[in-house]
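The values are calculated or read from the model by the stated rules, or taken from the named source; none is laboratory data. Computed from a predicted model, the values in this text were never measured in an experiment. Reconstructed Cβ throughout: ideal geometry from the backbone, glycine too, with neighbour counts over all protein chains shown. Areas reflect the complete protein model, heavy atoms only, side chains present, ligands, DNA and RNA absent. Shrake-Rupley method; radii C 1.70, N 1.55, O 1.52, S 1.80 Å.
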Amino acid sequence: MLLRQPTSVTEAQECMAEGAVPVGGATLVWALWQRDGFPEQAMSLRRLPQATAIGPGVLGGAVLLHQVDDRVPEVLRRAAGSVGTGAVRRTATVGGNLVGSSLRCLLPAALVLDARATVLGPDRAYETDLAEVLAKRHLLLDLRWPTPLASGYRKQPAEAGGPPPLVVATAVHADEAGRRRLRVAVRDGYDVLVGNVPCHEGPGRALDALRRTDIGSLPAGARNVVGREVTATLERPGGGGPRGATPGPAGGRRG
Ligand SMILES: Cc1cc2nc3c(=O)[nH]c(=O)nc-3n(C[C@H](O)[C@H](O)[C@H](O)COP(=O)(O)OP(=O)(O)OC[C@H]3O[C@@H](n4cnc5c(N)ncnc54)[C@H](O)[C@@H]3O)c2cc1C
């Protein structure tokens with residue numbers, strides 16, 4: 001197998017056109033390749049600057065999970081820190097997790113950040129939504145999102161060999177009128193449900209509104225976890241305080 005490591009988007013396009021298969025840390029594909037045979041060519045994005053970027057509002061597809069630190073919002077940092085073992089996180093990538101894994105612990109975090117993806121199409125790189133990335137298994141170059149006012153992430157403890165643990169991700173954003181909105185994403189089994197409600201009137205009203213979204217269809221135990229996470233996020237600096245009345249910080253990096 002020839003491992004290609006493009007250093008520009010144009011070079012990556014050439015690799016793709018020549019049939020190179022994307023590879024991150026190979027934590028999932030290695031066993032498959034050993035069983036089914038190696039592809040002729042694979043392509044790692046680890047030398048492509050756009051795919052290794054990490055900072056406020058951007059996370060590259062080739063960034064290793066253990067490199068996801070406080071340059072990104074708490075929800076994304078904690079999601080990356082919850083994946084597998086230290087050994088997996090030192091090898092696995094953002095793109096491999098979002099596009100290539102079935103658990104996708106990063107997905108609820110990316111959804112509440114309202115993240116957009118930059119992907120590489122056959123003739124250009126372009127921006128699209130996460131649903132399209134997952135459905136078409138696009139080559140992910142990076143994720144970009146508007147800075148949230150506050151965010152949070154909770155992954156319930158997993159039972160060995162059991163079903164995927166419940167994940168609840170939350171983020172508070174300011175809308176165009178400057179009012180706070182809460183986005184919640186819940187991974188229940190392999191399904192991910194999303195709710196997007198106003199939260200400037202505090203946790204009670206926000207939770208009432210969430211019950212009328214897909215989140216309301218969750219079992220009672222999961223809804224209790226959502227309730228606690230929403231309350232905790234809204235009480236963080238930037239989240240609005242217990243009644244949603246405390247103004248958040250005016251600028252800078254938050255969440
Ligand atoms: C022991 C163990 C525990 C784990 N626990 C968790 C967990 O708790 N939560 C969780 O979410 N996941 C978990 N995983 C899965 C883990 O997230 C994946 O192994 C990892 O994210 C895959 O990343 P990788 O970079 O190694 O991908 P690879 O194995 O290199 O690739 C996997 C797939 O993704 C594709 N791919 C890679 N990069 C890109 C890209 N930039 N754009 C598009 N497609 C791409 C590849 O073509 C391939 O099809 C666990 C895995 C292991 C081995």
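Here are the numbers for this structure:
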read-out	value
Enumerated helices (runs of 4 or more DSSP H) restricted to region 82-146, each holding at least 3 residues that are open to solvent by 20 Å² or more (accessible area, probe 1.4 Å) and within 12 Å of the ligand (Cβ to nearest atom)	86-89
Condition check for Gly81: more than 11 Å from the chain's Cα centre (by Cα) and closer than 14 Å to Thr27 by Cα	no
Residue check for Ala12: within 9 Å of the ligand (Cβ to nearest atom) and within 25 Å of Arg90 (Cα to Cα)	no
Subset of region 175-187 (residues that are at pLDDT 95 or above and either surrounded by fewer than 21 Cβ atoms within 10 Å (Cβ to Cβ) or of a type in the set (A, V, I, L, M, F, W, C) (or both))	Arg181, Leu182, Val184, Ala185, Val186
Region 147-163, residues that are at pLDDT 95 or above and assigned to a loop (DSSP other than H, G, I, E, B)	Thr147, Pro148, Leu149, Gln156
Where Trp30 falls short, out of the listed (1) in a helix (DSSP H, G or I); (2) over 20 Å from Arg116 (Cα atoms); (3) in contact with a helix residue (DSSP H, G or I) (Cβ under 9 Å, 6 or more places away or on another chain); (4) within 8 Å of the ligand (Cβ to nearest atom)	(3)
In region 33-49, the residues that are within 11 Å of the ligand (Cβ to nearest atom) and either surrounded by fewer than 17 Cβ atoms within 10 Å (Cβ to Cβ) or of a type outside the set (A, V, I, L, M, F, W, C) (or both)	Trp33, Pro39, Ser44, Arg46
Some residue of region 55-63 being surrounded by fewer than 17 Cβ atoms within 10 Å (Cβ to Cβ) and more than 13 Å from Leu143 (Cα to Cα)	no
Close pairs from region 199-211: first under 18 Å from Ala150 (Cα atoms), partner open to solvent by 30 Å² or more (accessible area, probe 1.4 Å) and small (Gly, Ala, Ser), Cβ under 8 Å, at least 6 apart	Gly202/Ala245
Top-ranked residue of region 210-228 - restricted to ones that are open to solvent by less than 20 Å² (accessible area, probe 1.4 Å) and in a helix (DSSP H, G or I), ranked as farthest from Cys105 (Cα to Cα)	Leu210
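Yes/no per residue for (1) touching a residue at least 40 places away in the same chain (Cβ under 8 Å); (2) small (Gly, Ala, Ser):
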position	(1), (2)
Trp30	no, no
Arg46	yes, no
Gln50	yes, no
Ile54	no, no
Gly57	yes, yes
Val68	no, no
Ala80	no, yes
Val83	no, no
